[in-house]
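Note sheet for the following structure.
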Amino acid sequence: MRPTASLSADDRALAEALLLRGEESAFRELYRRHTPALYQLALRILGGSDADAQDVIQETWVRAATKMGQFRWESSLRTWLSGIAINLSREVLRRRSRRPTTDLEDAPEPSVPPVPVGMRVDLERAIAALPPGSRMVLILHDIEGYTHEEIGAKLRISVGTSKSQLFAARRALRARLSSPERIPNA
């Protein structure tokens, strides 16, 4: 969920304490407040890779600490930090030689171990199986609450592309979650 106005005001006071007085406790509080949500965002975008998500979070805070004085407070601190984490996650995906805006129809089917009939399907695994571009749009829209316009600006894609990727991601999730995987006959 996106932060409230009072949390943003508190964040600003903490950021000022960090910038003006170098208060380490202010940094620790900002880190404590925002890291869990940032980690979940990165983890989902990266398809469940814990090591990559941890690297992204570490680099997010390094970049935020060096650029904090340039932050203009036109958005919440969480939104700004999320933007940094999203961009870093996209860099990781590019290094993996995957295009973050791949359409579902063009993407190879990810190899996910079949789920035996009768077992509960894991939503996180289903999301992780989506192509990176569709996964990012789904996470940003349905989980983080961003609008298609905000997603388009963050990912540098058109609003139409954001909408079509969300539609395709939802369709793929519905298909994966509504029909149990068949177990081959032994």
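Tell me, in nm to one decimal, what length is gained between residue 24 and residue 63 on full extension, where the rule is 0.36 nm per residue of separation less the Cα-Cα distance? It would help to have the intermediate numbers written out before the result.
On the way: separation 39, 0.36 × 39 = 14.04 nm, distance 1.64 nm.
Gain in length upon complete extension: 12.4 nm.
Is the shape of the range 1-97 best called rounded, prolate or oblate, per the rule: a/c under 1.5 gives rounded, else a/b larger than b/c gives prolate, else oblate, with a ≥ b ≥ c the square roots of the Cα gyration tensor eigenvalues?
Values: a/c = 2.06, a/b = 1.83, b/c = 1.13.
Prolate, since a/c reaches 1.5 and a/b exceeds b/c.
Sort 16, 29, 74, 144 by Cβ crowding within 10 Å, fewest neighbours at the top. Mind showing how you got there, number by number?
Values: 16 13, 29 17, 74 7, 144 20.
With the sparsest Cβ surroundings first, the list reads 74, 16, 29, 144.
Pop the C-beta distance of residue 178 and residue 142 into the FRET formula with R0 = 22 Å and round what comes out to the nearest 0.05.
Numbers: r = 17 Å, r/R0 = 0.77.
Computed FRET efficiency for residue 178 and residue 142: 0.80.
Computed from the coordinates by the stated procedures, all read-outs in this text should not be read as laboratory data. Predicted model, so just to flag it, every value in this text is computed and none were measured. As a convention, Cβ positions derive from the backbone with ideal geometry for all residues, glycine included, and neighbour counts pool all protein chains shown.
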